[in-house]
Each structure stands twice: as C-alpha cells, then as structure tokens.
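Could you have a look at this structure, given as structure tokens, before my questions?
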C-alpha cells in the first residue's frame with residue numbers, strides 16, 4: 001500500500017491481528033498465514049482467488065532464500081495487479097485472468113485439485129510442467145508462464161527487496177577514473 005492510500009479499518013484489524021499472533025506461530029506457519037490473508041483479499045483488478053494464484057506462482061518463481069525474501073514479501077502479485085488495474089487495454093487485462101485460470105486448470109488435470117490446494121511437491125511438478133518449454137513455448141500455458149515470469153521478475157527487481165537485498169544496489173557511485181582507457185572522467189573527457 002502506498003503512502004497516499006488510506007487504510008481501511010478492516011485492513012488495520014487484519015494487520016494488527018497478524019502482528020499479535022506472528023510471534024506465537026510455529027516455524028513455517030507464517031507463510032501459510034500470509035497465503036491465507038492474500039487469498040482473502042481482492043486486488044485492484046484481480047479477484048481474491050486470482051490474486052492468490054498469482055501470489056503463489058510468483059513465490060514459486062522467486063522463493064525466499066537465505067539472501068533475501070521472495071516474491072511474496074516483495075508484493076509482486078500486488079504490483080502486477082496494480083499495473084493491470086491501471087491498464088486501459090481490456091484484452092491484456094483479460095489475458096491475465098485467462099492465464100491464471102489456465103494454470104489452475106492444468107493443476108486440476110494433473111492432481112485433481114486447484115493450485116492453491118495442491119501440495120508443495122505437486123506445485124513444484126506443476127511449475128516444471130508449465131516451464132518446460134520456456135525458451136520456445138508451444139502450449140498456451142507455457143506462454144502464460146513466460147509472461148508471468150517476466151512480470152514477476154520486473155516486479156521483484158524493482159522492489160526494495162529485489163534491488164537492495166538481492167542485488168545489493170548501493171546507488172550510483174561516482175567513478176573518477178576509467179581503468180583501461182586513456183580518457184578520464186574529468187569534465188570534457190580530456191586525454192591524459
């Protein structure tokens with residue numbers, strides 16, 4: 001949520017309740033709680049279910065690790081949802097709904113249940129299936145994966161978590177000499 005948006009009373013209560021119970025949760029339960037909160041919250045464009053599917057796929061693409069938090073913590077699904085809400089292209093917006101539904105349908109075909117009800121191992125197998133022809137997608141669901149992966153990477157690496165925690169970006173650094181060239185960075189690029 002950006003600083004310009006007002007938080008509703010309900011959102012404040014959800015955050016407060018989550019903060020109060022987080023410390024008491026057993027290891028691994030926080031991720032499940034986060035999924036439950038995301039699954040119950042509609043996006044600016046996507047439904048609560050679509051947003052939860054996108055959030056899960058994003059986390060499977062860029063999971064949390066020892067170096068940095070994953071796509072879920074970077075709010076990649078919410079970023080993409082906000083871009084969709086801003087778009088005036090109805091075909092592009094609908095393609096996202098279709099892509100998410102298609103991934104869910106493949107999960108049902110493979111495991112007999114939608115993505116959000118699949119086990120961790122099943123989710124991994126689903127990702128392997130839809131990404132198998134990433135460089136040369138042949139099926140609609142493979143095209144869906146390529147699109148989603150690109151947008152997740154865009155969202156993640158423009159987030160604070162992606163750019164600072166993952167990439168360790170420190171800002172622009174002034175270089176006073178270009179080693180290996182005979183032109184300095186001095187004004188006018190005078191030769192030495």
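Can you pull out the residues in the range 127-137 that are in a helix (DSSP H, G or I), surrounded by 15 or more Cβ atoms within 10 Å (Cβ to Cβ) and without any contact (Cβ under 8 Å) to a residue 24 or more places away in the chain?
Here is the first cut: in the range 127-137, the ones in a helix (DSSP H, G or I) are 127-131.
Adding the requirement that they be surrounded by 15 or more Cβ atoms within 10 Å (Cβ to Cβ) leaves 127, 129-131.
129, 131 - these are the residues of the range 127-137 that are in a helix (DSSP H, G or I), surrounded by 15 or more Cβ atoms within 10 Å (Cβ to Cβ) and without any contact (Cβ under 8 Å) to a residue 24 or more places away in the chain.
Quick one: which residue in 171, 180, 162, 188 is surrounded by 16 or more Cβ atoms within 10 Å (Cβ to Cβ) and at pLDDT below 95? Break it down stepwise before answering.
Numbers: 171 fails: surrounded by 16 or more Cβ atoms within 10 Å (Cβ to Cβ); 180 fails: surrounded by 16 or more Cβ atoms within 10 Å (Cβ to Cβ); 188 fails: surrounded by 16 or more Cβ atoms within 10 Å (Cβ to Cβ).
Only one candidate passes the filter, namely 162.
Filter the helices (runs of 4 or more DSSP H) completely within the range 1-116 down to those with at least 2 residues that are out of contact with any strand residue (DSSP E or B) (no Cβ under 8 Å at 6 or more places or on another chain) and at pLDDT below 85. Don't jump to the end; show me each part of the working.
Working: elements: 9-22, 29-39, 48-61, 76-86, 90-111.
Here the list reads 9-22, 29-39.
Moving on. Hey, among 121, 48, 109, 85, which residue is over 18 Å from residue 158 (Cα atoms), without any contact (Cβ under 8 Å) to a residue 24 or more places away in the chain, within 18 Å of the chain's Cα centre (by Cα) and surrounded by fewer than 18 Cβ atoms within 10 Å (Cβ to Cβ)? Walk me through it before giving the result.
On the way: 121 fails: within 18 Å of the chain's Cα centre (by Cα); 109 fails: within 18 Å of the chain's Cα centre (by Cα); 85 fails: without any contact (Cβ under 8 Å) to a residue 24 or more places away in the chain.
Being over 18 Å from residue 158 (Cα atoms), without any contact (Cβ under 8 Å) to a residue 24 or more places away in the chain, within 18 Å of the chain's Cα centre (by Cα) and surrounded by fewer than 18 Cβ atoms within 10 Å (Cβ to Cβ) holds for just one of 121, 48, 109, 85, which is 48.
The values are calculated or read from the model by the stated rules, or taken from the named source; none is laboratory data. Everything quoted here is computed from the prediction, not taken from an experiment. A quick note on method: Cβ atoms are made from the backbone with ideal geometry, for glycine too, and the neighbour counts reach across all protein chains shown.
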